[in-house]
Amino acid sequence: MWWDERVSARFRRNLQPTLTYWSVFFSFGLCIAFLGPTLLDLRCQTQSSLSQITWVFFSQQFCLLLGSCLGGVFKRTLAQSLLALFASSLAISLVFAIIPLCHNVVVLAVVMAVAGLAMGCIDTISNMQLVKIYQKDSAIFLQALHFFVGFGALLSPLIADPFLSDTNCILANGTANASSNLPHIRKSLVPHHPGNLSHYDLPMKGMVVTRVSYAFWIMALINLPVPIAVFFLLYKERMVPCFNGSSHPLLPADELALETRPGDKDELSTAGQRPHAAAGHEDLFSCCQSKNFRGASFTYFAVHVTGALVLFMTDGIVGEYSGFVYSYAVEEPLAVVHKVAGYLPSLFWGFITLGRLISIPVSYRMKPATMVFINVVGVLITFLLLLIFSSSVVFLFVGTASLGLFLSSTFPSMLAYTEDILQYKGCATTVLVTGAGIGEMVLQLLVGSIIHDRGSYSFLVCGMIFGCLAFTFYALLVFFHRMYPKPSPELDEASPAKAAVPEDTGQYQR
């Protein structure tokens with residue numbers, strides 16, 4: 001195997017939970033990408049206007065952010081975490097099954113809000129669990145985790161495509177004129193962000209002819225093995241409530257051994273000396289409690305903030321680029337035909353998924369800090385070249401693929417890097433997931449309004465500015481990393497990362 005025996009042995013001991021978390025993230029990807037392509041058919045199903053149906057995007061994204069903030073609430077025991085993942089993955093299957101029954105746009109928005117909450121919980125808990133299991137070896141497993149969300153995001157539009165309406169799915173007067181705009185409108189909604197659609201007039205009353213229900217029922221069946229896998233993990237760990245299983249603390253064996261050593265336990269319990277050591281992985285609201293701030297150094301906060309700001313920018317770029325690259329391509333001066341421009345969002349997400357696959361072996365040989373540096377510099381250079389060759393359609397496709405590759409591994413690499421700095425004792429996972437979610441939502445709205453006022457060229461200018469800010473925040477993070485106090489030699493020797501492999505019992509929940 002291309003990794004060493006120590007990591008391989010650790011992976012074998014934690015094979016079932018690792019595969020379970022990867023499969024749950026597949027559910028996340030499956031759910032995040034289907035809405036764009038199917039939204040026009042859902043508009044017909046609910047007989048709503050384009051402006052009304054696009055509120056479904058907001059309900060999903062807002063509740064995803066809320067779920068990310070609340071996900072850390074379930075971190076205290078493994079039983080709580082797995083039950084939350086079981087409920088979330090099962091909720092996604094139920095959402096897929098229920099969507100065809102939603103004939104009112106408000107009901108559909110509520111159902112998608114439930115899906116958003118489930119996705120947010122999955123996002124925080126799955127990242128947090130893998131970091132807890134593998135700690136200093138977590139980078140490679142986080143890269144694999146985020147490959148599965150990309151794989152799910154690619155699969156759901158492919159499942160939906162055969163069932164999408166080729167013409168307007170509400171038969172009424174003016175159907176022919178509306179149908180001529182349908183390809184343009186549909187591509188403007190790929191993958192999960194609505195463009196400026198207010199000037200399109202589609203019929204709201206008439207006979208509804210859509211087969212999109214079959215796509216959602218197929219996705220519900222495809223996703224059903226995921227909650228079953230989580231249930232089997234609960235059963236294996238004897239945490240199914242009817243079996244009266246006890247809830248074990250969510251700590252690996254070597255970390256529990258560290259915490260139960262008398263000398264270290266007394267040291268870690270001294271809040272004045274190491275308040276952040278006791279903080280652990282909290283939900284966002286627990287992280288903000290004043291008791292976690294007492295005695296914490298300035299660099300402790302700075303690492304959290306700068307790490308979150310890097311992801312605020314990079315995930316924001318993912319959201320705004322995927323949401324508006326089609327609209328940019330079809331406008332002057334490029335004026336790409338609609339059918340060709342429709343490949344751009346798919347190309348972008350395809351190379352994000354490819355980049356995550358490539359990053360799995362690369363992350364084992366390369367430090368997370370180095371990978372983040374390559375990512376942010378690559379994003380910056382790509383946007384610079386896109387601005388220089390802004391009149392070239394060929395380079396737009398090349399730049400889109402390049403941007404997808406460089407952005408693909410930023411989140412897992414930044415998470416592994418920041419957790420490593422904080423010795424896995426801060427709130428990095430929750431803060432970074434929340435920062436990334438806020439960035440994706442805010443920058444999409446910001447860029448959409450700027451393009452509307454300033455024209456399509458501002459799309460690339462905004463990307464360049466965001467790339468510069470991401471590099472600046474990364475440089476600040478590296479600076480604060482150098483200032484951050486190193487752990488004492490005694491504590492470092494006993495840390496989970498330094499523990500010998502034979503001491504690990506293989507029972508990942510203990």
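The values are calculated or read from the model by the stated rules, or taken from the named source; none is laboratory data. The shown structure was predicted, so the numbers you read here are calculated from the model rather than taken from an experiment. Note that we place each Cβ from the backbone using ideal geometry, even for glycine, and neighbour counts take in every protein chain shown. To get the accessible areas, we keep the full protein, side chains included, count just its heavy atoms, and leave off ligands, DNA and RNA. Shrake-Rupley method; radii C 1.70, N 1.55, O 1.52, S 1.80 Å.
A few notes on this one:
- Of all the residues in the stretch 353-377, those that are open to solvent by less than 20 Å² (accessible area, probe 1.4 Å) and either in contact with a His (Cβ under 9 Å, 6 or more places away or on another chain) or free of Cβ contacts under 8 Å to residues at least 40 places away in the same chain (or both) number 1.
- The condition of being assigned to a helix (DSSP H, G or I), out of contact with any Phe, Trp or Tyr (no Cβ under 8 Å at 6 or more places or on another chain) and open to solvent by 10 Å² or more (accessible area, probe 1.4 Å) holds for only one of 90, 108, 83, that being 90.
- Options 86, 62, 57, 74; residue that is of a type outside the set (Ser, Thr, Tyr) and closer than 20 Å to residue 161 by Cα: 57
- Any hit, the stretch 431-449, residues being part of a helix (DSSP H, G or I), over 22 Å from the mean Cα position of the chain (by Cα), closer than 18 Å to residue 327 by Cβ and not assigned by the TED database to the domain that holds residue 54: yes
- Any chance residue 380 is touching a residue at least 24 places away in the same chain (Cβ under 8 Å) and of a type in the set (A, V, I, L, M): yes
- Subset of the stretch 34-53 (residues that are surrounded by fewer than 24 Cβ atoms within 10 Å (Cβ to Cβ) and not in a helix (DSSP H, G or I)): 47, 48, 49
- Whenever a residue of the stretch 153-165 is farther than 16 Å from residue 350 by Cβ and in contact (Cβ under 8 Å) with a residue 12 or more places away in the chain, its partners that are open to solvent by 20 Å² or more (accessible area, probe 1.4 Å) and not β-branched (Val, Ile, Thr), lying with C-beta atoms within less than 6 angstrom and at least six residues away or across chains, give the pairs 163/211; 163/214.
- Selection within the stretch 407-461 - among the aromatic types (Phe, Trp, Tyr) and either open to solvent by 20 Å² or more (accessible area, probe 1.4 Å) or more than 17 Å from residue 318 (Cα to Cα) (or both): 417, 424, 457
- Long-range neighbours under 6 Å by Cβ, at least six apart or interchain, first residue among the hydroxyl-bearing types (Ser, Thr, Tyr) within the stretch 45-62, second open to solvent by less than 10 Å² (accessible area, probe 1.4 Å): 46/108; 59/112
- For the stretch 347-364, the count of residues that are more than 18 Å from residue 149 (Cβ to Cβ) and not in a helix (DSSP H, G or I) is zero.
- Filtered by the rule that a residue be among the small types (Gly, Ala, Ser) and over 19 Å from the mean Cα position of the chain (by Cα), the stretch 29-73 gives 48, 49, 51.
- Selection count, the stretch 379-406, where residues are closer than 20 Å to residue 335 by Cβ and either of a type in the set (A, V, I, L, M, F, W, C) or open to solvent by 30 Å² or more (accessible area, probe 1.4 Å) (or both): 12
- Residue match in the stretch 3-18 (condition: more than 28 Å from residue 435 (Cα to Cα), modelled with pLDDT under 80 and outside the structural domain of residue 220 (by the TED database)): yes
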